[in-house]
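Comments concern the structure below.
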Amino acid sequence: MTEDLLHIGEFTFRSRLFMGTGKHRSEEDLVASLEASGAEVVTVAIRRLDLDTPDQRTILDAIDSSKYIVLPNTAGCKTADEALLVARLARSLGLPNLVKLEVIPDAKYLLPDAVGTLEAAKLLIEDGFTVLPYIHADPVLAKRLQEMGCATVMPLGSAIGSGQGIHTAEEIQIIIEQATVPVVVDAGLGVPSDAAQAMEMGADAVLVNTAIAQAQDPALMAEAFRLGVEAGRKAYQAGRIATKRYAQASSPVEGVIGSA
């Protein structure tokens, strides 16, 4: 059987669980969670690193670059120009030429700006970046971004950090159906069954942060998400049965004992 690999830009991954690094209670929790998750892609908010004091330890020091691909993200950026600046900063730090694009001007609801994301994606692609845009579950926007040359599209399941699960299933299903690039469901996943649901729908991967970082046992939750992703992926590949309106006996009804 051919190995089930995920291809994004020039990179190839076995794991379909991406992990965020914010909100962990300690560096030890982060490291343990990463190991338990089996993840190969780890996102880091570059704008939230303390780069003014070179001797100060940052989250990058806790991530083993021989095990994980660091995916810089532009969290905290409100405009396309800010996103481009942060992406270039990440590149100057020697990080991979990847960027998880986030343009979020509203601090209350944290919903991505569609127009700003389109503008930023264009600038970043022109500057040679492999762009993974975080978006609302908007099939039209997703199609435009993939046609523009983005390496993935990353629709939200529900509000960032809410743990509400997938409220946008119908829209994500349309995005998956028309996708020519990997679809990574990002934001709002609360439990492993949410990740399994996304994978059963045909998503190529999921990104999880708060649900793992803020769990009572983050490493155990990371392992649970790994298993949820694996189960959902296998279920998608196996092909689910069609849903039916009425019950249908699982055993033959002809020739049963006592039948006329």
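The values are calculated or read from the model by the stated rules, or taken from the named source; none is laboratory data. Worth saying up front: this structure is predicted, and the values here are computed from it rather than measured. Cβ sites come from the backbone with ideal geometry, for glycine too, and all protein chains shown count toward neighbours.
Whenever a residue of the stretch 177-189 is farther than 11 Å from T152 by Cβ, its partners that are in a strand (DSSP E or B), lying with C-beta atoms within less than 9 angstrom and at least six residues away or across chains, give the pairs A187/Y134; A187/M154; A187/P155; A187/L207; L189/V206; L189/L207; L189/V208. When the stretch 113-137 is filtered for residues that are within 15 Å of E102 (Cα to Cα) and part of a loop (DSSP other than H, G, I, E, B), the ones remaining, listed by number, are D113, F129, H136, A137.
Scanning the stretch 147-187 for residues that are under 13 Å from Q197 (Cβ atoms) and either touching a strand residue (DSSP E or B) at 6+ places or on another chain (Cβ under 9 Å) or not in a helix (DSSP H, G or I) (or both) returns G157, S158, Q164, G165, I166, H167, T168, I172, I176, V185.
Just give me the residues in the stretch 69-93 being buried (at least 16 other Cβ atoms within 10 Å of the Cβ) and within 18 Å of the chain's Cα centre (by Cα), in sequence order. Across the stretch 69-93, the qualifying residues are I69, V70, L71, P72, N73, T74, A75.
Screening I212 against (1) free of Cβ contacts under 8 Å to residues at least 12 places away in the same chain; (2) in a helix (DSSP H, G or I) leaves a single unmet condition, (1). When the stretch 1-18 is limited to residues that are surrounded by 15 or more Cβ atoms within 10 Å (Cβ to Cβ) and in a loop (DSSP other than H, G, I, E, B), the one that is modelled with the lowest pLDDT turns out to be G9.
Filtering the stretch 24-34 down to residues that are surrounded by 15 or more Cβ atoms within 10 Å (Cβ to Cβ) and not hydrophobic (A, V, I, L, M, F, W, C), which residue is farthest from the chain's Cα centre (by Cα)?
From the stretch 24-34, those surrounded by 15 or more Cβ atoms within 10 Å (Cβ to Cβ) are 24, 29-34; that's our starting set.
If we keep only those that are not hydrophobic (A, V, I, L, M, F, W, C) as well, we get 24, 29, 33.
Details: H24: 17, D29: 20, S33: 16 Å.
Per the criteria, the residue is D29.
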